[in-house]
1. Is it fair to say residue 263 is in contact with a strand residue (DSSP E or B) (Cβ under 7 Å, 6 or more places away or on another chain) and under 23 Å from residue 199 (Cβ atoms)?
2. Right, residue 25: surrounded by 15 or more Cβ atoms within 10 Å (Cβ to Cβ) and modelled with pLDDT under 95 or not?
3. In the range 132-152, how many residues are loosely packed, with under 13 Cβ neighbours inside 10 Å and more than 30 Å from residue 80 (Cβ to Cβ)?
4. So which residues in the range 266-298 are at pLDDT 90 or above, in a strand (DSSP E or B) and more than 22 Å from residue 197 (Cβ to Cβ), if there are any at all?
5. Examine the range 277-292 for a residue that is under 22 Å from residue 146 (Cα atoms), out of contact with any strand residue (DSSP E or B) (no Cβ under 7 Å at 6 or more places or on another chain) and surrounded by fewer than 23 Cβ atoms within 10 Å (Cβ to Cβ), and state whether such a residue exists.
6. Pairs needed: first member in the range 31-51, at positive phi; second member anywhere, surrounded by 10 or more Cβ atoms within 10 Å (Cβ to Cβ) and assigned to a loop (DSSP other than H, G, I, E, B); C-beta distance under 8 Å; at least 6 residues apart or different chains.
7. How many residues does the range 264-276 contain that are buried (at least 17 other Cβ atoms within 10 Å of the Cβ) and more than 14 Å from residue 231 (Cβ to Cβ)?
8. Looking at 129, 207, 164, can you tell me which residue is within 16 Å of residue 241 (Cβ to Cβ) and either in contact (Cβ under 8 Å) with a residue 12 or more places away in the chain or touching a strand residue (DSSP E or B) at 6+ places or on another chain (Cβ under 6 Å) (or both)?
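The values are calculated or read from the model by the stated rules, or taken from the named source; none is laboratory data. These numbers were taken from a predicted model, which means no experiment stands behind them. Using ideal geometry, Cβ is built from the backbone for each residue, glycine included, and neighbour counts are taken over all protein chains shown.
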């Protein structure tokens, strides 16, 4: 296990290189760390608020209105920058060398799946959502055919409510929705098997059936129902999330039963972000107080 305490700000996102040698983090800026030389100073890549992720070949992508593709072994040399087409802004780097990007007007919001090519970023498919949508979370299905879009609904009895629209990329439009839920939706993640969508409503962790749209339930572990940063293991066997309570830690649930599988109860404080490496052998978690933990997945 590796522990990094150098960040001064909340670690909003973490990403692990497929070869297990590098870790990227997003705080007030993007940093790149070596896991083979953990005592080395992290490389400051700037680009506050950008999406981060690694390509299949191990290069790091830092994406906003442009995609910066970086070789971790030479982060300050040879980076390639591509502007996104049609005024799109990336909000996620997907594990198959794609970006999810969006643009909006007063009448429509457009979401695009973009492929990172050797010489450009290219739109592969798009969906449009009518109206001016305040998007709070998105998730793409593992086969890249579906998009889940979370947005607030009108309050009911003084309580915030959220809805999740399901859109089909091949049809370019909304085709369904998940059951409404109480609370402010701030994250969504689609299971590798395609059957489930998990999300956090404030700090409540809930799971929907992607097939029927019904709510499967609210998860609990370690005596708490306060979670953030849900992430499915690449095998699809379990879901992990960070504890948003004072003790923090990372908790995992078996997707066949939705019972707690294991809990990593480190004294790191509230956890904000969790990720797994593409082969599932490593995991990383970023904390509200700037701490980062990397560990081997048993």
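1. Yes; evaluated as a whole, the condition is true for this residue.
2. no
3. Residues in the range 132-152 being loosely packed, with under 13 Cβ neighbours inside 10 Å and more than 30 Å from residue 80 (Cβ to Cβ): 2 in total.
4. Result: 282, 284, 286, 287, 292, 293, 294, 295, 296.
5. Within the range 277-292, one or more residues are under 22 Å from residue 146 (Cα atoms), out of contact with any strand residue (DSSP E or B) (no Cβ under 7 Å at 6 or more places or on another chain) and surrounded by fewer than 23 Cβ atoms within 10 Å (Cβ to Cβ).
6. Listed by first residue and then by second, the contacts come to 46/29; 47/29; 47/64; 49/64.
7. Qualifying residue count, the range 264-276: 4.
8. Going through 129, 207, 164 in turn, just one is within 16 Å of residue 241 (Cβ to Cβ) and either in contact (Cβ under 8 Å) with a residue 12 or more places away in the chain or touching a strand residue (DSSP E or B) at 6+ places or on another chain (Cβ under 6 Å) (or both): 207.
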